[in-house]
């Protein structure tokens, strides 16, 4: 499911929401932006029943160039991480 399909799915149930397609798109954009900004500054975003978005550090390591077999250094970096919640794990 992509972003457009997510918005259309939210809009299918008119009994629960009276949003326009534009409003739903803005809501999704704002929600994703808030999650990104919060995790970037180092705080976690926990959505009970869904999961937790966190900032994780990946250590520097050695890798291998598959084309040449040459060993290369891979720099340390910080990446976003998602841990699914218990309720989400149980439905899988």
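Read the figures in this text as sums done on the coordinates, not as results from a lab. Bear in mind the structure is a predicted one, so any value in this text is a computation, not a measurement. In this analysis, Cβ positions are derived from the backbone assuming ideal geometry, glycine residues included, and neighbour counts consider all displayed protein chains.
Observations, loosely collected:
- With the simple spin-label model, which puts each label point 7 Å out from Cα in the Cβ direction, the residue 27 to residue 44 separation comes to 2.7 nm.
- Between the C-alpha center of the stretch 59-92 and that of the stretch 19-42 there is a gap of 25 Å.
- Shown is the FRET efficiency for residue 64 and residue 3, computed with R0 = 25 Å from the Cβ-Cβ distance and rounded to the nearest 0.05: 0.10.
- Site pair residue 76 and residue 91 shows an inter-label distance of 3.8 nm when each label is modelled 7 Å from Cα along Cα→Cβ.
- Using alpha-carbon coordinates, inclination of helix 21-40 to the longest axis of the chain, degrees: 40 degrees
- Surface/4 estimate of mean projected area, convex hull on alpha-carbon atoms of the chain, nm²: 9.3 nm²
- Burial order of peptide ranges 66-74, 19-27, 82-90 (average beta-carbon count within 10 Å, highest first): 19-27, 82-90, 66-74
- Inverse mean reciprocal Cα-Cα distance (Kirkwood Rh) of the stretch 1-46, Å: 11.7 Å
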